[in-house]
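The values are calculated or read from the model by the stated rules, or taken from the named source; none is laboratory data. Keep in mind that what you see is a predicted model, and the values were worked out from it rather than measured. Don't worry about glycine lacking a Cβ; one is built from the backbone with ideal geometry, like all the others, and counts go over all protein chains shown.
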Ligand code: MG
């Protein structure tokens, strides 16, 4: 006989808004995935989910129809406790009540079949564990009493002290990281949890509790894909942001006309403190806007003489560095230049390639369009040139 406790009673404090188990991954909730991996186990008798008291309804609603159909009445969703340890104990107690015949309840000991059952305790925030892993853990727990899936550490571990010093350099090969589901003989784990609650014994997981009250814990190979969701980025869905930029420069004689770093043959050029590349200025503002990093004036104030005749390509690269440092990369960029004359047509492709090169991205993700202003307003009267840009960022 197999029981499962899925814990999801935490407040998702590091997740940055919302409850992580309720988020969707390709149309199914994290919780539904974490629960449904157990449905393929042939001897599954009962499953308990623990959640925050005020979110049990929302959690129930996020279990998919296939999961509801497969579990039928073989599950319950109950309020967890203040700590993970409390929640697991409450889940075990709920499973014991659900599976004990009414006549044996309140008589202390568990029915023998329940005492010897295997229980798998799983984090509701681990949606990618496989049914094969759950089966492997359950089978090892049936043989050895307790079993935990482990994965090798990819980073080199250090023992540390709070004052900023490394106190020991343990060998990486002697250490491993514990995952869930962790499997135990039901009677033993319930007993250990009752004693831990009575003594207020603090522990991080059930393996530690079993080792403290019952005995050795065996291990099986875990799964690299069985990651735990802690931060929103762990969901794998990239965060995306759109940014918009616009700029205008007067057209005067005696200045170069630069667009995206390409010099356009023209009698008139852009008047500016810097080299005046109106397209790159619009792109800079779009990048800064998408990343919420201010605007071109805050980074390169016109009153600062160091930007006189500055190459706008290097300004763009500086801004790109800030955007990258914040974790963002460009998905695509689309620009429009408004210029009455000369006709940009033949040079548009060179501008597009130059812009892609400055931004360090494939030219397929860069678009440059050209328009005239139909003879009206400053651009139409050849007194000015305008450019606008829209950029999409992801991280
Ligand atoms: Mg400008």
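Residues to consider are 228, 317; find the one that is more than 16 Å from the ligand (Cβ to nearest atom) and outside the structural domain of residue 19 (by TED's automatic domain parsing). Outline the logic, then answer.
Values: 228 fails: outside the structural domain of residue 19 (by TED's automatic domain parsing).
None of the others qualify; the one that does is 317.
Answer yes if at least one residue in region 72-81 is surrounded by fewer than 16 Cβ atoms within 10 Å (Cβ to Cβ), without any contact (Cβ under 8 Å) to a residue 24 or more places away in the chain and in contact with a strand residue (DSSP E or B) (Cβ under 8 Å, 6 or more places away or on another chain), and no otherwise.
Checking region 72-81: not a single residue is surrounded by fewer than 16 Cβ atoms within 10 Å (Cβ to Cβ), without any contact (Cβ under 8 Å) to a residue 24 or more places away in the chain and in contact with a strand residue (DSSP E or B) (Cβ under 8 Å, 6 or more places away or on another chain).
Give region 206-243 a look and list any residue that's out of contact with any helix residue (DSSP H, G or I) (no Cβ under 9 Å at 6 or more places or on another chain) and assigned to a helix (DSSP H, G or I), or say none.
Within region 206-243, 207, 208, 211, 233 qualify.
With (1) surrounded by fewer than 17 Cβ atoms within 10 Å (Cβ to Cβ); (2) closer than 20 Å to residue 290 by Cβ; (3) in contact with a helix residue (DSSP H, G or I) (Cβ under 7 Å, 6 or more places away or on another chain) as the list, and residue 353 as the residue in question, which single condition is left unmet?
Here residue 353 meets the rest and fails (2).
Every residue in region 231-255 that is without any contact (Cβ under 8 Å) to a residue 60 or more places away in the chain and within 16 Å of the ligand (Cβ to nearest atom), please.
If the condition is that a residue be without any contact (Cβ under 8 Å) to a residue 60 or more places away in the chain and within 16 Å of the ligand (Cβ to nearest atom), then 252, 255 are the ones that fit.
Tally up the residues in region 265-287 that are away from the ligand (no atom under 11 Å from the Cβ) and touching a helix residue (DSSP H, G or I) at 6+ places or on another chain (Cβ under 6 Å), please.
1
The conditions are (1) part of a helix (DSSP H, G or I); (2) free of Cβ contacts under 8 Å to residues at least 60 places away in the same chain; (3) under 17 Å from residue 186 (Cβ atoms), and residue 95 fails exactly one of them. Which is it?
Unmet for residue 95, out of (1) part of a helix (DSSP H, G or I); (2) free of Cβ contacts under 8 Å to residues at least 60 places away in the same chain; (3) under 17 Å from residue 186 (Cβ atoms): (2).
Considering only region 101-142, state which residues are over 25 Å from residue 40 (Cβ atoms) and under 41 Å from the mean Cα position of the chain (by Cα). Explain how you work it out, then say what you get.
First pass over region 101-142, keeping only residues over 25 Å from residue 40 (Cβ atoms): 101-112, 115.
Hit for region 101-142 is 115, nothing else.
Identify, by number, the condition in (1) surrounded by 14 or more Cβ atoms within 10 Å (Cβ to Cβ); (2) modelled with pLDDT under 95; (3) within 20 Å of residue 319 (Cβ to Cβ) that residue 344 doesn't meet.
Of the numbered conditions (1) surrounded by 14 or more Cβ atoms within 10 Å (Cβ to Cβ); (2) modelled with pLDDT under 95; (3) within 20 Å of residue 319 (Cβ to Cβ), the odd one out for residue 344 is (3).
Considering each residue of region 288-309, count those that are within 11 Å of the ligand (Cβ to nearest atom) and out of contact with any helix residue (DSSP H, G or I) (no Cβ under 7 Å at 6 or more places or on another chain), and give that number.
Adding up the residues that qualify gives 3.
Go through the residues of region 75-89 one by one and say whether even a single one is closer than 13 Å to residue 186 by Cα and either assigned by TED's automatic domain parsing to the domain that holds residue 139 or part of a helix (DSSP H, G or I) (or both). Full working, then the answer.
Step one: filter region 75-89 for residues closer than 13 Å to residue 186 by Cα, giving 88-89.
Now narrow it down to the ones that are either assigned by TED's automatic domain parsing to the domain that holds residue 139 or part of a helix (DSSP H, G or I) (or both): 88-89.
Yes: one or more hits.
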